[in-house]
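K.L.:
Quick one: this structure, given as structure tokens, is what I'll be asking you about.
The values are calculated or read from the model by the stated rules, or taken from the named source; none is laboratory data. None of the values given here were measured: they were computed from a predicted structure. Positions of Cβ are backbone-derived with ideal geometry, glycine not excepted, and every protein chain shown enters the neighbour counts. Accessible surface is based on the protein model in full, side chains and every heavy atom, while ligands, DNA and RNA are left aside. Shrake-Rupley method; radii C 1.70, N 1.55, O 1.52, S 1.80 Å.
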Amino acid sequence: MQLKGLVRFFAIALILICVYQLSFTWIVRSYEKDVEERAVSWVKAKYPAADKKYPDSKELQTAYSDTLANLEKQRKQRILDSTKETKIGPFGMVAYQEAKDKELMLGLDLQGGMSVTMEVGLDGLIRSISNNSKDVAFNNALNSAVALKANTGADLITLFGNEYKKVSNGAKLAPIFATRSDNKIKFDASDDAVLSYLRDQSAAAFKNTLRIITTRIDAFGLASPSINPNPAKGTISIELAGINDPERVRHYLQSTANLQFFEVYNINDVAEALQSADKSVSDYIKGTTTSTKPVAAVVDTANKAQQPADTTKTVTLSGNDTGKKAAAPKTAGVDSATIRKNENPIFSLFAGIAQGQKDEKGSVRFPSYIGYVLKKDSAMLGEYLRMDMVSTKFPGNLVFMYGNLEGNDGATVKDRLALYAIRTLDNGMAKLQGAHVSKASQQFDEKGRPSISMAMDAEGTRVWAKMTADNVNKPIAIVLDNFVYSAPNVVNPIPNGNSEISGSFTVPEAQDLAGILQAGPLSAPAKIVAEQVVGPTLGQAAVSGGALSFFISFIVIFALMLIYYNTAGWVANTALILNLLFTIGILAALGFTLTAPGIAGLVLTIGMAVDTNVIIFERIKEELTKGKGYLTAVSDGYKRSYAPVLDAHVTTFLTALILF
């Protein structure tokens, strides 16, 4: 009796636990369905139906309906993102995000989502360790190794070592890497020692990249992500179930989070060099000079879908830094009215040149950018600025970068990009790197716009204080992944290391960027080399098919047990129901993911769950046919069933162990 009481206690406890755990799934689905209805109602109220908008065109109706469907999805996601902490369920028992984390998770094949394979680019790490060496043999060898790896999949370090031997004329690798190796490489070290060091650094960088990507995915709030690294191939396979914005995920995963703070050249600093470069390109077009190889003189980020920022907590934008078209400053000697495409190929691509204006003290102040171009012309301008006949006209520490342009109303000018002349250190690096950002979070600025608040560590605070003190009344460019988010004028020095990036962000974009900065930069950037997007329609078809097979098998087994065993069948069916409840409840409680093969496993479980009952019932029937009394037959039936039941369970356990 005591044993029966213990069994009854545990059975009731497990039932309550499983029902409680599965209740989160019901709560989340109910809330998300309500949000979807709100999103649909909002779109219907704001936009007319397709048949009303285009009553005479089926093609336009279809296109317009697709647009409305996308708007509904975006609206739903925006509501969900902004209500993560909202209490939902009966009596507001749990926050939405908390319930979402506890619901029964469905796999990529059941709810749709995104599967990507990322390759960790170790060539960037090697360049960083070399202090961005300009050595011709080093760069040629590394470029050749990267090309070979793309075709062969071989180890990049080995390929690099082999290629360097071919082009180095006997020169050693050690002098290239000794400076940034923390004394681990001596200037007279052998090439084998250097390659061994690079392999160690590459292995550490791969682990760090994996850690950061995992941290980003966790911060992104994705359900049941699957992350599988392959260090031998340098790849990371990721499955993200439930994703409905693949473009956002691509940017989030691939961002290197390379935050940098640069001083800038203004138009007056580079006007003479720009005119000289313009003449050189004009001569080349006319055929009076020979063709030259392009070099990396501009970072082309024209196609990045990023939003700019415009201020920091103690930094404000120059009042002259606007998006309006303006003539060139007199000091530059450029008359924009006389620009012609052949005579002035570079200037003809500018939609506007930065204009100097006098401040209240009579001093001429220039915007932080040197001009702005139409997005469609940015690629051609980049080609011109990459020509070595052009790059030699500018200071060796100047790098051109693009950034979004803001109009007088503070909104981003969508079809134009600002061009900045960034002043780097002699090695091409920034005075202050984002690695010194110790904390980043999404906030709102004084205008109520989403922003990113940042705090720096001790070293970053010291460098930032000196940098802002040296550039009072001058701009400092805030650059993320070679794209200028803002270049505000410094009003006062910032001694505490706190700053803020704000601008044309949405709340999810600001949250994403803050999460990326908080996780830290990637020492070895990872790029998506393969991806597969599974649509929710395909996932819903898998769910429907799996549910149908599950329902049919359950009904068939349930009916057979009742027909064949009568009252004993009710006992078996009760055990069957509890078995399924416990299985699904424990899956949800432990955070496991239910997939299409998992549904097939549940269908198999339905058959196996009654297997023990069938064995026991048949043994009891055999004892009854021998003339034994009912109680004796039941007792002997259970005893004789013990061995085959144990055998079946051991077999199941071994199968599960092998599959694991």
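K.L.:
Would you calculate the separation in nanometres between label points at LYS233 and ALA154, each defined as 7 Å from the Cα along the Cα-to-beta-carbon direction?
P.N.:
Taking the two extended label points, one gets 1.9 nm.
K.L.:
ARG250 to ASN498: FRET efficiency via 1/(1 + (r/R0)^6), r the Cβ-Cβ distance, R0 45 Å, to the nearest 0.05?
P.N.:
0.90
K.L.:
Fully extended, how many nm does the chain gain between LYS286 and THR632 (0.36 nm per residue separation, minus their Cα-Cα distance)?
P.N.:
Answer, rounded to one decimal: 113.6 nm.
K.L.:
Report, to the nearest whole %, how much of the accessible area of the chain belongs to carbon and sulfur atoms, 1.4 Å probe, protein only.
P.N.:
Carbon and sulfur together cover 57 percent of it.
K.L.:
What are the ³J(HN,Hα) couplings of segment 163-171, residue after residue, when phi is run through the Karplus curve with 6.51, -1.76, 1.60 and θ = phi - 60°? Round to Hz, x for glycine and proline.
P.N.:
So the Karplus estimates, Gly and Pro as x, are 5, 5, 4, 6, 10, 8, 6, x, 5 Hz.
K.L.:
While we're on this one: Work out the length of the dipole vector of segment 1-94 about its Cα centre, built from +1 on the beta-carbon of each Lys and Arg and -1 on the beta-carbon of each Asp and Glu, and round it to the nearest 20 debye.
P.N.:
Dipole about the Cα centre, nearest 20: 320 debye.
K.L.:
In addition: Summing Lys, Arg as +1 and Asp, Glu as -1, what charge do residues with Cβ under 10 Å from the Cβ of VAL264 carry, VAL264 excluded?
P.N.:
0
K.L.:
Let me ask you something else. Would you mind calculating the relative contact order of segment 514-635 from Cα pairs under 8 angstrom and at least 6 residues apart, reporting the percent as a whole number?
P.N.:
Averaging sequence separation for qualifying contacts and normalising by length gives 25 percent for segment 514-635.
K.L.:
Taking θ as phi - 60°, what are the ³J(HN,Hα) couplings along segment 201-215 by the Karplus curve (6.51, -1.76, 1.60), each to the nearest whole Hz, with x for Gly and Pro?
P.N.:
Ordered by residue, 3J(HN,Hα) equals 5, 5, 4, 5, 5, 4, 4, 5, 4, 4, 4, 5, 5, 4, 4 Hz.
K.L.:
Further, regarding this structure: Evaluate the relative contact order of the chain (contact order divided by residue number), counting alpha-carbon pairs under 8 angstrom at least 6 apart; express in whole percent.
P.N.:
Taking the mean separation of contacting Cα pairs over the length of the chain, I get 18 percent.
K.L.:
Moving on. In nm, to one decimal, how far is the ARG199 label point from the GLU622 one, both placed 7 Å along Cα→Cβ?
P.N.:
That separation, rounded to one decimal, is 6.3 nm.
K.L.:
What number comes out for accessible area per residue over the chain if the probe is 1.4 Å? Units Å², please.
P.N.:
It amounts to 52 Å² per residue over the chain.
K.L.:
Also: Please label the shape of segment 373-471 as rounded, prolate or oblate, based on the square roots a ≥ b ≥ c of the eigenvalues of the alpha-carbon gyration tensor (a/c under 1.5 means rounded; beyond that, a/b larger than b/c means prolate, else oblate).
P.N.:
Taking the square roots of the gyration eigenvalues as a ≥ b ≥ c, segment 373-471 is oblate.
K.L.:
If you don't mind, another one. Set the Förster distance to 60 Å, then compute FRET efficiency between ARG29 and VAL472 from the Cβ-Cβ distance, nearest 0.05.
P.N.:
For ARG29 and VAL472, the calculated efficiency is 0.60.
K.L.:
Another question about this same structure. Label-point separation (nm) for SER441 and SER363, each offset 7 Å from Cα along Cα-to-Cβ?
P.N.:
3.7 nm
K.L.:
Then there's this: So what is the relative contact order of segment 51-197, in percent, for Cα pairs below 8 Å that sit 6 or more residues apart?
P.N.:
Contact order relative to length: 13 percent.
K.L.:
Also, I was wondering about something else. Can you list residues from other chains, or at least 5 along the same chain, whose modelled amide H is less than 5 Å from the amide H of THR595?
P.N.:
Result for THR595 returns GLY107.
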